[in-house]
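S.K.: Have a look at this one before I ask anything.
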Amino acid sequence: MTMLSNQFANAVRPKSRLCLIGGGAIGRRVAGFVADRLSLSIELVAVAERPDNATKPWWTSQVRLLADPGELAEVRPDIVLEAASPQAVGFWGDAALACARKFIVCSVSALADDDLRMALKERAGASGSQLVVPHGALGGLHALSAASLLPLKSVTHTIRKPPAAWRNTPAETEINLTALSEAATLFEGCARDAARFYPANANAVVLSSLAGTGLDNTFVRLIADPDVTQNIHEVAACGAFGELSFRIANEPMQANPKTSDMTALSLVRLLESETMTLVV
């Protein structure tokens, strides 16, 4: 082994400092995986929450509670991971990109706001940081993103979820979700409107839009179906590359049926790729 090889072999990377925005179901799931799988490479140093929220039992004594974006620079994060709400993206985003090398956005429906998306991209460019959108519930999104390098003719994204997942949404004013006996279409239209009316349920349509034909040219269909127990996504696209379609049926997260465990798993995998010797 050469001297240079020995230097690389003996090198020990410092732990990446992670700040979570949001201490809810997804944040707790990610923190658990970080503690179990990534403790040698990633350290949870802070959680950003609303000022009225107290520390959670699953936080270690080293975790600092943040309530104001101005406090982010004090904890010197390498990665800031948002798993709270679209509003949190706007509140914390600029400060996160100013002091961390990566700002990972889980509530991607926030980026349907053109002004906010452009402002965050500009801040990332000025700071030399990255605004990262994980693929969340959409495991096949790499193919669509690659296909978009050539002209795309159409992208359609259908989301089918159990009626309970649509509670506390505009769907309740249109149909009786508890008495639904067959599948009902709740929405048909562009991704921008789907994200506006159903920000928690249709978060993933912003992902497929940003990867493909954009918010105004991606056709979305939202369905409440009493015959399914999973959160199902079907994406189809055609264009100069050819045709693609994929379907993924995710188990709902027990603590929050509007989302799926795959959302948290994709975040963990993204964090793992920071230090893995083989990234797939």
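The values are calculated or read from the model by the stated rules, or taken from the named source; none is laboratory data. Predicted, not measured: the structure shown is a model, and the values here were computed from it. Cβ coordinates were reconstructed from backbone atoms using ideal geometry, including for glycine residues, and neighbour counts include every protein chain displayed.
S.K.: Is it true that some residue in region 232-252 is over 22 Å from Ser154 (Cβ atoms), among the β-branched types (Val, Ile, Thr) and surrounded by fewer than 19 Cβ atoms within 10 Å (Cβ to Cβ)?
M.R.: From region 232-252, those over 22 Å from Ser154 (Cβ atoms) are 249-252; that's our starting set.
When the remaining residues are screened for being among the β-branched types (Val, Ile, Thr), the result is none.
Within region 232-252 (the criterion being over 22 Å from Ser154 (Cβ atoms), among the β-branched types (Val, Ile, Thr) and surrounded by fewer than 19 Cβ atoms within 10 Å (Cβ to Cβ)), the answer is no, since none of the residues qualifies.
S.K.: Also: Scan region 248-276 residue by residue and report those that are in a loop (DSSP other than H, G, I, E, B) and within 24 Å of Ala164 (Cβ to Cβ).
M.R.: Across region 248-276, the qualifying residues are Glu251, Gln254, Ala255.
S.K.: For region 148-156, indicate whether the set of residues that are farther than 23 Å from Asp225 by Cα, surrounded by fewer than 16 Cβ atoms within 10 Å (Cβ to Cβ) and among the hydrophobic types (A, V, I, L, M, F, W, C) is non-empty.
M.R.: yes
S.K.: Looking at (1) closer than 28 Å to Asn250 by Cβ; (2) in contact with an Asp or Glu (Cβ under 9 Å, 6 or more places away or on another chain); (3) modelled with pLDDT under 95, can you tell me which one Thr55 breaks?
M.R.: (1)
S.K.: Another question, then. On the basis of being in contact (Cβ under 8 Å) with a residue 12 or more places away in the chain, closer than 18 Å to Val105 by Cβ and of a type outside the set (Phe, Trp, Tyr), does Ala236 make the cut? Walk me through how you get there before you give the answer.
M.R.: Numbers: in contact (Cβ under 8 Å) with a residue 12 or more places away in the chain: yes; closer than 18 Å to Val105 by Cβ: no; of a type outside the set (Phe, Trp, Tyr): yes.
For Ala236, the condition - in contact (Cβ under 8 Å) with a residue 12 or more places away in the chain, closer than 18 Å to Val105 by Cβ and of a type outside the set (Phe, Trp, Tyr) - is not met.
To keep it simple, each residue is scored yes or no on (1) in contact with a Leu (Cβ under 7 Å, 6 or more places away or on another chain); (2) within 20 Å of Glu243 (Cβ to Cβ); (3) assigned to a helix (DSSP H, G or I).
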residue	(1), (2), (3)
Phe187	yes, no, no
Arg192	yes, no, yes
Leu215	no, no, no
Phe219	no, yes, no
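S.K.: While we're looking at this one, here's another question. Among the residues of region 81-98, write down those that are more than 24 Å from Arg29 (Cβ to Cβ) and either among the aromatic types (Phe, Trp, Tyr) or in contact (Cβ under 8 Å) with a residue 60 or more places away in the chain (or both).
M.R.: Within region 81-98, none qualify.
S.K.: Of the conditions (1) in contact with a Leu (Cβ under 8 Å, 6 or more places away or on another chain); (2) at pLDDT 95 or above; (3) buried (at least 16 other Cβ atoms within 10 Å of the Cβ), Leu116 clears all except one; give me its number.
M.R.: Condition (1) is where Leu116 drops out.
S.K.: Among the residues of region 29-80 satisfying the criterion of being touching a residue at least 60 places away in the same chain (Cβ under 8 Å) and part of a helix (DSSP H, G or I), which is farthest from the chain's Cα centre (by Cα)?
M.R.: Among those that are touching a residue at least 60 places away in the same chain (Cβ under 8 Å) and part of a helix (DSSP H, G or I), it is Arg37.
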